[in-house]
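The values are calculated or read from the model by the stated rules, or taken from the named source; none is laboratory data. The structure presented is a predicted model; accordingly, all values stated were derived computationally and were not measured. Glycine also receives a Cβ, built like all others from the backbone with ideal geometry; neighbour counts cover every protein chain displayed.
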Amino acid sequence: MSRHLLVVEGAHDAALFGRLLVARGFQSLSTLEAVPRFWEPTIPRRYPIRDDLRLDRVISFPEIYRRNDSEVGIAVANGESELLRTLRSLLDMLDAPDFDSIAVILDTDWAQTEAERFAEFRASTAEWNDKAVADGRPGFPLTFPNEANSVTAGPLKVGVYQFPGGGAGGALEDVLLACAQHSHPILRQAADDLVLQIHAEYPADAAPDPMKASRKQSGSAKARCGIIANVLQPGHSLAVSIRKTPWLPNVEADVPAVASVAQFLDELLAN
């Protein structure tokens, strides 16, 4: 049995990787009875699940996919600042040497280059690794790759991928917009036009500015993806739309940003 663990920033990232896994013959395990015993420690059995008793509406646990003798868990960290903490929490329950690969997925964003963002993330792993070694956790220190969008050699492969990939600044939404441009160009253009029109109609100097969030580069991309998602799957979230509607191209190579992340995933899964 081969096992793989991905820790991603948000639900949209998880949905994208889920679609890629399904395209590779994996099935999502949607009932507790179907969850393999190995993963059971990651499924909360009480509520509230946090030590501070906060009443979170969403209970987080890994999505689990299986194909023959291969299993993949995708854990949502709910923000880049939580990526390593979430990974450590999981590796306190599931020993690192029991995995064939472990990966962390994050956005590059726009304030830094891909290389600068990776260097910042890579530096944060040093103290994180040291603490795990001091705690006597098996398999530590993890050997992270020396550059973004790559995977170290085994036996425990470790990968880091930064959206949108290819050395560009940005985020997952840039990949999704590239997919929309390929598969639904009219809808993509209409979403672009609507956001621009709304921004023009609402004065930016209003106090408060109701469009402040969507005027930002990241907000604009999220707004356009949300519009497209709601047309494709009315009344549902972007994550649901990614899972259930034809966002991704039938041929991954048709959208280079998808081909890049798919290649990364295939490297993780390769024996």
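List of remarks:
Yes/no per residue for (1) surrounded by fewer than 17 Cβ atoms within 10 Å (Cβ to Cβ); (2) part of a helix (DSSP H, G or I):
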| position | (1), (2) |
| --- | --- |
| A191 | no, yes |
| V231 | yes, yes |
| G235 | yes, no |
| P249 | yes, no |
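- Residue satisfying all of: in region 99-124; assigned to a strand (DSSP E or B) and of a type outside the set (A, V, I, L, M); surrounded by the most Cβ atoms within 10 Å (Cβ to Cβ) among these: S101
- Checked against (1) at pLDDT 95 or above; (2) more than 26 Å from D130 (Cα to Cα), L84 meets all criteria but (2).
- Residue satisfying all of: in region 68-98; loosely packed, with under 14 Cβ neighbours inside 10 Å and on the phi > 0 side of the Ramachandran plot; farthest from the chain's Cα centre (by Cα) among these: N68
- When Q197, Q233 are screened for being polar (S, T, N, Q), over 18 Å from H12 (Cβ atoms) and either out of contact with any strand residue (DSSP E or B) (no Cβ under 6 Å at 6 or more places or on another chain) or in contact (Cβ under 8 Å) with a residue 40 or more places away in the chain (or both), only Q197 passes.
- The residues of region 217-262 that are of a type in the set (D, E, K, R) and either closer than 25 Å to G159 by Cα or modelled with pLDDT of 95 or more (or both), listed by number, are K222, R224, R243, E252, D254.
- Check on S150, farther than 18 Å from L268 by Cβ, out of contact with any Lys or Arg (no Cβ under 9 Å at 6 or more places or on another chain), among the hydroxyl-bearing types (S, T, Y) and modelled with pLDDT of 95 or more: no
- So A257, is it over 24 Å from G25 (Cα atoms), assigned to a helix (DSSP H, G or I) and in contact with a strand residue (DSSP E or B) (Cβ under 9 Å, 6 or more places away or on another chain): no
- Of the residues examined, T42 is not one that is among the polar types (S, T, N, Q), modelled with pLDDT under 95, over 26 Å from E147 (Cβ atoms) and out of contact with any Pro (no Cβ under 6 Å at 6 or more places or on another chain).
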